[in-house]
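Down below is the structure, laid out as structure tokens.
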Amino acid sequence: MKKCAVWCIVLAIMLCGCTRSEEKKSEADIFCMDTVMNVKIWGEDADNAVLDVTRMLQEMEREYAASDDASVLGRLNRAQAVTLTDAEKAVLDQALALSARTGGEFDPQLYALSALWGFSGGEYRVPEQTEIQAALAQRQWDLGAAVKGYAGQTAADALLQNAGVSCAVLNLGGNVQTVGQKKDGEPWRIAIASPRAGGTAGVLSISGTMSVVTSGDYQRYFERDGVRYHHILDPKTGYPADSGLASVTVVCRDGMTADALSTALFVMGMESAVQLWQESDDFEAVFILTTGEIYATQGVSLSECSYEVIAREK
Ligand code: AMP
Ligand code: MG
């Protein structure tokens with residue numbers, strides 16, 4: 001289960017490589033937002049920048065962990081009066097806008113449902129239909145599907161403002177945020193995990209600052225009577241999404257958009273996901289089906305695998 005996510009991180013770290021050997025590099029592993037994160041920063045201010053990013057990530061965890069009663073989401077979920085900062089209001093507004101954009105497939109208010117299945121702490125179990133309906137009706141905030149993308153974006157924005165940082169790669173538990181251009185002129189190389197076999201399914205080449213986020217049914221799941229129940233829930237049924245996809249990777253300049261879309265595209269399935277991509281111009285995607293086939297939209301640069309390209313209609 002989580003082993004696969006860790007694999008994905010290790011692979012991404014290995015493949016991201018480094019820039020000029022003489023340039024100063026600083027690195028840290030952090031456990032934050034319920035996952036292992038790795039931060040690598042190059043430049044003369046790298047040491048301070050790593051500390052700043054670590055602090056920033058920990059602050060965002062405190063702010064947005066729905067499981068923490070003291071967080072902004074915890075207080076909203078218990079109907080306490082909360083005075084939101086401008087940044088918090090912008091995050092909640094963007095989450096609602098992304099929900100509207102995806103026809104509700106990204107739903108930032110599924111906390112009660114996720115807790116019912118045991119995915120937000122507690123014991124895994126298959127709930128009764130009546131419990132599912134009751135949990136769906138509760139509308140409790142959970143930004144687990146978007147906050148790592150937002151955190152990566154916020155950290156990237158800060159690093160880009162720092163003249164002492166030349167480039168960075170932040171691996172936030174499978175969400176990879178690249179920052180700036182590598183000095184050797186080569187693209188960043190980001191591995192996509194193989195959902196069933198483990199290891200690498202393919203390698204993305206990424207230029208400059210970008211968010212690369214994967215949602216997959218292998219990242220958190222349990223099995224009962226031979227059925228796999230995973231953590232990405234379909235808001236229409238209350239059950240784990242069963243769309244024929246094993247993973248979706250989204251590449252997008254905006255981190256929160258990348259994160260929310262990876263979840264939403266996974267739920268909606270490839271046909272609707274491709275339709276949304278045809279209507280959009282701000283993201284690219286790689287789809288891995290449960291059968292193992294790989295499809296990538298035409299703007300993606302993917303290597304070390306065979307795949308079919310999805311072309312633009314217009
Ligand atoms: P991700 O790994 O980014 O796809 O996010 C999955 C996490 O987001 C889950 O662990 C839940 O906390 C939450 N979640 C599950 N299903 C949805 C959904 N359809 N929309 C929004 N958040 C979801
Ligand atoms: Mg997501």
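The values are calculated or read from the model by the stated rules, or taken from the named source; none is laboratory data. Predicted model only: the values in this text are computed from it and were never measured. All Cβ positions, even for glycine, are placed from backbone atoms using ideal geometry, and neighbour counts span all protein chains on display.
Summary table below
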| read-out | value |
| --- | --- |
| Qualifying positions in the range 31-79 - in a strand (DSSP E or B), touching a residue at least 12 places away in the same chain (Cβ under 8 Å) and under 21 Å from S120 (Cβ atoms) | C32, T35, V36, M37 |
| Set G208, G216, G238: member being at pLDDT 95 or above, under 15 Å from F266 (Cα atoms), more than 16 Å from ligand 2 (Cβ to nearest atom) and of a type in the set (G, A, S) | G238 |
| Residue ID - nearest to the chain's Cα centre (by Cα), chosen from residues in the range 252-282 that are over 27 Å from G238 (Cβ atoms) and of a type outside the set (K, R) | G255 |
| Residue count for the range 113-136, restricted to those that are buried (at least 21 other Cβ atoms within 10 Å of the Cβ), among the small types (G, A, S) and over 20 Å from the mean Cα position of the chain (by Cα) | 1 |
| Qualifying residues in the range 233-285 (those that are in contact with a strand residue (DSSP E or B) (Cβ under 6 Å, 6 or more places away or on another chain) and of a type in the set (V, I, T)) - the one farthest from I132 (Cα to Cα) | V251 |
| Sole exception among (1) within 12 Å of ligand 1 (Cβ to nearest atom); (2) within 17 Å of G74 (Cβ to Cβ); (3) not in a helix (DSSP H, G or I) for G104, by number | (2) |
| Qualifying residue in the range 158-175 (condition: free of Cβ contacts under 8 Å to residues at least 60 places away in the same chain and either under 26 Å from E271 (Cβ atoms) or not in a loop (DSSP other than H, G, I, E, B) (or both)) | yes |
| Failed criterion for L98 (all others in (1) within 16 Å of ligand 2 (Cβ to nearest atom); (2) within 14 Å of L76 (Cβ to Cβ) hold) | (2) |
| Strands (runs of 3 or more DSSP E) lying entirely in the range 241-314 (those with 2 or more residues that are hydroxyl-bearing (S, T, Y) and within 12 Å of ligand 2 (Cβ to nearest atom)) | 245-252 |
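A quick yes/no check of all residues on (1) among the aromatic types (F, W, Y); (2) buried (at least 19 other Cβ atoms within 10 Å of the Cβ); (3) under 23 Å from I190 (Cα atoms); (4) out of contact with any Phe, Trp or Tyr (no Cβ under 7 Å at 6 or more places or on another chain):
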position	(1), (2), (3), (4)
T214	no, yes, yes, yes
H230	no, yes, no, no
M256	no, yes, yes, no
L261	no, yes, yes, no
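For (1) of a type in the set (A, V, I, L, M); (2) within 11 Å of ligand 1 (Cβ to nearest atom), each residue gets a yes or a no:
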| position | (1), (2) |
| --- | --- |
| N171 | no, no |
| V176 | yes, no |
| G180 | no, no |
| D184 | no, no |
| I206 | yes, no |
| V213 | yes, yes |
| Y221 | no, yes |
| P235 | no, yes |
